[in-house]
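Enquirer: I have a structure here, written as structure tokens, and I will follow up with some questions on it.
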Amino acid sequence: MVYGRWTISGGMITIAIGLLGLLYLLVVGALGLRPSRPVLPVAWEQPMGLVGLVLFVIGNALGLFYAPAERFMGETGRILYVHVPAAWLTMVCFLVAATAALGFLFSGKRHWDSVVESACEVGVVEGVLLLILGSIFARPTWGVWWSWDPRLTSSAVMMLSFVGVLLLRGIVRDPDRRATWSAVATILAGVNVPVTYMSVKWWRSLHQIQSETMKGSAIDGSMRWILYFNTFAFLFVSVWFLARRYRLAEARAEAEMPEPLPPAVPRPGVTA
Amino acid sequence: MLGPVRIEDVSRRYGRRWALIHVDVEIRPGEAWMLLGHNGSGKSTLIGCLSTALRVHEGRITMGGRELWEHRQDLRGRIAVLGHKPHLYDDLSAAENLSVWAGLGGLEADIPGLLRRVGLDPERRDPVRMFSAGMRRRAALARMLLKQPELVLLDEPFTALDPAGRELLVGVVRSLRDAGATIVMATHLPQAARAVCEHALILEQGRPIYTGSVDGLPQDLAFE
Amino acid sequence: MRTLRQTAQMLRKELLTEWRQRSRVSGIFWFALATVLMVAFSTPESTILPRIAGGTLWLGLLLASTRSLDQSYAVEHEHGAMEGLLLWPVEPVAVFYGKALANTAVLVGVALALLPLLVGIYDAPIHGSLPMLFLTVLLGCGALAAPGTLYGLITSQARGSSVLLPLLLFPLVVPALLAVSNATTKIFEGDPMNQAPSWIALVAAFDAVHWSLSAVLYGRIQED
């Protein structure tokens with residue numbers, strides 16, 4: 001692992017919590033469970049988003065001002081406090097999209113399709129953020145805006161695959177076709193992520209091992225809580241995005257819903 | 001044998017709009033039905049549902065008691081469709097087309113005999129691309145006959161056929177009927193279809209407005 | 001057994017139609033050759049040409065594959081043959097494998113025709129083993145054809161398909177493309193470290209995943 005041992009454990013915990021939250025989202029959203037009486041005057045994700053934004057501001061301030069400069073990269077290393085969470089959450093979004101796509105293909109329920117739409121779109125947005133942050137990070141660290149580092153390259157390819165899914169969704173008018181087709185494309189894109197990572201890793205590492213420059217660049221153990229803090233901020237904001245986008249997708253699907261079937265009328269002139 | 005075809009309160013939509021509304025008919029084995037109505041009345045949609053190309057959204061269709069959509073893989077071998085499109089490969093000759101389709105379905109067929117039956121020369125080597133519309137219809141008819149179907153679906157079968165072609169088609173459909181096949185023919189030309197069909201279903205804006213014998217129809221009925 | 005026979009029949013049909021329109025198939029070759037030439041023109045120094053020969057071959061094949069897939073489905077949609085296949089007693093898996101094998105065959109043909117020219121134009125002598133090169137070509141073409149056959153079916157039915165197919169296909173085949181380009185380059189340059197086999201293994205793994213996954217998903221797309 002590039003970021004050291006602690007990122008693995010941290011990442012696992014975050015992803016686990018994230019998945020739990022998203023599972024809740026899916027259960028509530030996909031199964032259409034609603035509390036009999038609304039607990040809050042606004043949708044549940046709204047306060048969550050607000051908390052997320054507040055955490056986000058605090059987390060950034062902590063990373064920029066409170067945390068000491070990183071040992072090897074100096075001030076540049078501070079970007080890791082947002083770069084790493086962005087990477088994790090992008091992965092989580094695409095994982096959710098692929099899971100929902102499987103769910104759609106097996107169950108045929110329209111709600112899963114809304115989850116695919118929402119997760120793909122949020123994932124692409126966070127992926128763009130990830131790539132921009134990566135570029136900014138790469139410039140002072142490696143002296144270039146872009147490096148053929150396996151992580152960077154496979155993130156870019158992953159992004160492109162999901163952009164393809166979104167375009168496919170934009171082009172196909174028929175809701176049933178759109179759902180099936182984009183589910184298939186999402187699954188293929190999802191399956192491809194680890195394969196791409198492996199291939200890119202082999203591809204350049206045979207010649208130059210740039211990612212090695214980042215080895216041992218761990219944020220000091222006592223500061224890793226700031227990273228978690230930021231991860232939670234990202235998580236909250238992402239779930240907020242996902243939920244809002246899901247509701248939008250549902251509303252659109254509602255608008256595409258068939259007209260009610262006209263009632264049967266007694267037929268004039270029927271003979272046996 | 002396939003048994004009766006039951007169309008049980010079937011409705012089907014495209015996008016938001018309902019194209020078939022509460023169609024409910026039972027077609028007994030060996031019967032021949034004509035499906036009448038103006039353009040856009042839902043004739044082709046009903047043919048599509050019966051052919052398993054389209055899924056029904058409400059109600060169900062059964063064939064011999066088996067739900068059509070569920071058993072579509074099985075039943076497709078026994079349903080033959082002559083649709084708007086000939087389902088042929090442009091670059092192959094008529095004989096090659098038939099041999100390709102027979103091979104795909106694992107069907108035994110006397111291909112030269114079939115071609116002669118529909119009035120095409122089995123020796124002709126030119127691709128279907130060079131065929132006139134009428135000849136293409138004849139080739140499509142031969143393709144349909146590869147199957148020895150138990151349910152025959154025809155969607156505007158008289159289109160592009162000259163009087164001789166129409167006669168040929170009527171003859172072929174009659175012989176299929178005599179062999180025990182059930183016929184459903186969508187058309188807006190009731191006079192031509194009377195030669196084969198003794199039952200009629202009239203659709204208007206997706207709704208059935210007449211179900212029964214052709215004898216109950218006015219002689220000058222027209223949907224032009 | 002039945003699936004196998006249907007796959008063989010589908011492959012036969014594909015190869016027959018492609019043989020009939022061989023001028024269009026040769027067009028794919030010229031397209032690939034043009035790509036390879038354009039890359040050579042856009043390279044500032046001819047000394048690096050031998051080193052990029054392997055990658056250029058696969059770039060040419062990748063671009064050519066989108067043309068060939070487009071054509072493969074244009075034939076199917078022209079006269080509703082794709083719908084005909086759906087309603088014929090043929091398994092979707094057989095349709096997929098037949099088409100994918102045929103697309104692989106076309107690409108392998110183009111690749112084999114391109115290789116000697118590439119050796120000439122790019123001054124890339126083949127130091128490595130020739131059988132291994134053929135294996136790479138075979139596996140690489142298969143890796144382009146399998147997901148391409150699936151996505152081709154999707155995009156051929158959507159508007160703006162000419163943009164959509166590359167957009168869906170290219171990111172997906174990046175791993176395969178990296179692997180075959182590297183293997184080919186290694187075989188061209190001679191492979192003292194014996195790295196080519198591991199790249200070939202990666203393409204083989206990619207093939208295994210996509211030749212099975214796409215076949216399963218194909219039926220879902222066809223049915224819709």
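Enquirer: Kindly indicate whether any position in the stretch B:160-167 is under 19 Å from B:H87 (Cα atoms) and at pLDDT 90 or above.
Expert: For the stretch B:160-167, residues under 19 Å from B:H87 (Cα atoms) and at pLDDT 90 or above: absent.
Enquirer: Follow-up. Restricting to the stretch A:124-136, give me the number of residues that are surrounded by 21 or more Cβ atoms within 10 Å (Cβ to Cβ) and either more than 16 Å from the chain's Cα centre (by Cα) or in contact (Cβ under 8 Å) with a residue 40 or more places away in the chain (or both). Can you show your working first?
Expert: Of all residues in the stretch A:124-136, those surrounded by 21 or more Cβ atoms within 10 Å (Cβ to Cβ) come to A:124, A:126-127, A:130, A:134.
Those left that are additionally either more than 16 Å from the chain's Cα centre (by Cα) or in contact (Cβ under 8 Å) with a residue 40 or more places away in the chain (or both): A:124, A:126, A:130, A:134.
Result for the stretch A:124-136: 4.
Enquirer: Sticking with this structure for a sec: If you go through the stretch C:68-97 one residue at a time, how many are touching a residue at least 12 places away in the same chain (Cβ under 8 Å), touching a Leu at 6+ places or on another chain (Cβ under 7 Å) and facing another protein chain (nearest Cβ under 9 Å)?
Expert: Residues that pass the stated criteria total 2.
Enquirer: Let me ask something else. Would you check which residues across the stretch C:18-33 are surrounded by 13 or more Cβ atoms within 10 Å (Cβ to Cβ) and assigned to a helix (DSSP H, G or I) and list them?
Expert: C:E18, C:R20, C:R24, C:V25, C:S26, C:G27, C:I28, C:F29, C:F31, C:A32, C:L33
Enquirer: Given the options B:H71, B:H57, name the one that is in contact with a Phe, Trp or Tyr (Cβ under 9 Å, 6 or more places away or on another chain) and not hydrophobic (A, V, I, L, M, F, W, C).
Expert: Being in contact with a Phe, Trp or Tyr (Cβ under 9 Å, 6 or more places away or on another chain) and not hydrophobic (A, V, I, L, M, F, W, C) holds for just one of B:H71, B:H57, which is B:H57.
Enquirer: Of everything in the stretch C:33-67, what is touching a residue at least 60 places away in the same chain (Cβ under 8 Å) and among the polar types (S, T, N, Q)? Give them in sequence order.
Expert: C:S46, C:T56, C:S65, C:T66
Enquirer: Next up: Exactly one condition in (1) under 14 Å from the mean Cα position of the chain (by Cα); (2) more than 19 Å from C:P89 (Cβ to Cβ); (3) not in a strand (DSSP E or B) is false for B:I47; which is it?
Expert: (2)
Results for (1) closer than 25 Å to C:V173 by Cβ; (2) more than 8 Å from chain C (Cβ to nearest Cβ), shown as yes or no for each residue.
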residue: A:F94; (1), (2): yes, yes
residue: A:H111; (1), (2): no, yes
residue: A:V122; (1), (2): no, yes
residue: A:G134; (1), (2): yes, yes
residue: A:A138; (1), (2): no, yes
residue: A:W146; (1), (2): yes, yes
residue: A:S155; (1), (2): yes, yes
residue: A:L160; (1), (2): yes, no
residue: A:V184; (1), (2): yes, no
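Enquirer: Filter the stretch A:139-165 down to residues that are in contact (Cβ under 8 Å) with a residue 12 or more places away in the chain and buried (at least 18 other Cβ atoms within 10 Å of the Cβ), then give me how many there are.
Expert: The total comes to 17.
Enquirer: Looking only at residues that are facing another protein chain (nearest Cβ under 7 Å) and at pLDDT below 90 in the stretch B:1-16, which one is farthest from B:L176 (Cα to Cα)?
Expert: Top of the filtered list is B:R16.
Enquirer: Regarding B:R177, is this residue under 13 Å from the mean Cα position of the chain (by Cα), in a helix (DSSP H, G or I) and either within 12 Å of chain C (Cβ to nearest Cβ) or of a type in the set (S, T, N, Q) (or both)? Even if it seems obvious, please write down each step before you answer.
Expert: Numbers: under 13 Å from the mean Cα position of the chain (by Cα): yes; in a helix (DSSP H, G or I): yes; either within 12 Å of chain C (Cβ to nearest Cβ) or of a type in the set (S, T, N, Q) (or both): no.
Judged against the criteria, B:R177 is not a match.
Yes/no per residue for (1) in a loop (DSSP other than H, G, I, E, B); (2) within 14 Å of chain A (Cβ to nearest Cβ); (3) within 12 Å of the chain's Cα centre (by Cα):
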position	(1), (2), (3)
C:L117	no, no, no
C:D123	yes, no, no
C:M132	no, no, no
C:V137	no, no, yes
C:L150	no, yes, no
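Enquirer: May I pose another question? Which of the residues spanning the stretch A:166-182 are more than 8 Å from chain C (Cβ to nearest Cβ) and in a helix (DSSP H, G or I)?
Expert: A:L166, A:R169, A:G170, A:P175, A:R178, A:A179, A:S182, listed by residue number.
The values are calculated or read from the model by the stated rules, or taken from the named source; none is laboratory data. As the structure is a computational prediction, the values presented were derived from the model and not from experiment. Note: ideal-geometry Cβ built from the backbone for every residue, glycine included; neighbour counts use all protein chains shown.
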